Amino acid sequence: MAKLAKRVQKIREGVDPKTLYVLTDAISMVKERAVAKFDETVEVSMNLGVDPRHADQMVRGVVNLPNGTGRDVRVAVFARGAKADEAKAAGADIVGAEDLLEIVQGGKIDFDRVIATPDMMPLVGRLGKVLGPRGMMPNPKVGTVTMDVAGAVKASKGGAVEFRVEKAGIVHAGIGKASFDAKALEENIKAFADAVIKAKPAGAKGNYVKRVAISSTMGPGVRIEPSSVTA
């Protein structure tokens, strides 16, 4: 435990939790401190001036990160016939209808994203209690309920990231890996922030972007001057 505490203390050295750093400096600090034996994920979190308990203050959407996420996203597709064939050809990891429903109901969920054609939603709706809490329920607003299943599969595989504000008004997502070069991380973070800003709901009042921070899986959070992200 003492060894772990020492390592954590060393990683946190030089990071002032009260200081707002410009984005480029924050990225350098996060990369320098990502010293785990695996390629750590870099995550961005944004505290927004919204109360998602009100329908007109909900923030959700999807963004295609210009440099991908660096992770292999497994995609499940609910479709039949020609659309099922299109999904398979586009690289979907698992495709089905009632058979896929049974697999999910049986507790086997070895995928990260679910896509469905509109006609399959009555079937998929039966999985609301399973997929909903995991943030996997297909939704037309983020392009996961669509007739263009091939396009949706390719987007998911290529770096499409869904976001949805949580109860405390926080939006967060993995936007790359610590092994990415600084420029790639900067472009991904700005693309994510831009999408969140464009998703600003009508009911949001006052300061919309309150706080922004980035961190790696095992590293400390580094607060960012919002204007260096949202400019």
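In table form, for the structure just shown:
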| quantity | calculated |
| --- | --- |
| At most 11 other Cβ within 10 Å, DSSP loop - trypsin sites (Lys or Arg not before Pro), segment 94-139 | LYS108 |
| GNM result for the chain, Cα springs below 10 Å: residue of GLY132, GLY143, GLY96 fluctuating most strongly | GLY132 |
| Translational diffusion of segment 118-231, µm² s⁻¹ [Kirkwood Rh, Cα pairs; Stokes-Einstein; 10 °C; 1.306 mPa s] | 97 |
| Translational diffusion of the chain, µm² s⁻¹ [Kirkwood Rh, Cα pairs; Stokes-Einstein; 4 °C; 1.567 mPa s] | 68 |
| Rg [Å, one decimal], Dmax [Å, integer] - segment 75-158, C-alpha atoms | 11.2, 30 |
| Gained length - LYS18 relative to ARG53, 0.36 nm times residue gap less alpha-carbon distance | 9.7 nm |
| Shape of segment 130-176, Cα gyration tensor, a/c cut at 1.5 | oblate |
| Relative packing of 162-173, 211-222, which averages over residues the other C-beta atoms within 10 Å, highest first | 211-222, 162-173 |
| Entries in LYS167/LYS210; LYS129/LYS177; LYS154/LYS198; LYS141/LYS190 that, when Cα-Cα distance is taken, lie over 26 Å | LYS129/LYS177 |
| Under 15 Å, Cβ to Cβ, from ASP72 - net charge with Lys/Arg +1 and Asp/Glu -1 | +2 |
| Formal net charge of residues neighbouring ILE94 (Cβ-Cβ distance under 9 Å; K, R +1; D, E -1) | -1 |
| At R0 = 30 Å, FRET efficiency that the Cβ-Cβ distance of ASP99 and PHE38 yields, to 0.05 | 0.30 |
| Cα-based reach from LYS108 at 20 Å (exclusive), listing aspartates and glutamates while leaving out same-chain residues under 8 positions away | ASP72, ASP93, GLU98, ASP99 |
| Estimated inter-spin distance, LYS167 and ASN207, nm [label 7 Å along Cα→Cβ] | 2.4 |
| Accessible surface, segment 85-231, averaged per residue in Å² (probe 1.4 Å) | 47 |
| Loop trypsin sites (Lys or Arg not before Pro), segment 16-96, which have at most 16 other Cβ atoms in a 10 Å radius of their Cβ (DSSP) | LYS18, LYS37, ARG53, ARG71, ARG74, ARG80 |
| Karplus-derived HN-Hα couplings along segment 19-29 (A = 6.51, B = -1.76, C = 1.60, θ = phi - 60°), whole Hz, x at Gly and Pro | 7, 9, 9, 6, 4, 4, 5, 4, 4, 4, 5 |
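The values are calculated or read from the model by the stated rules, or taken from the named source; none is laboratory data. Model, not experiment: these values are computed from the prediction. Counting neighbours? That spans all protein chains shown, and the Cβs are built from the backbone with ideal geometry, glycine included. In case anyone asks, the SASA skips ligands and DNA or RNA and just uses the protein heavy atoms, side chains included. Shrake-Rupley method; radii C 1.70, N 1.55, O 1.52, S 1.80 Å.
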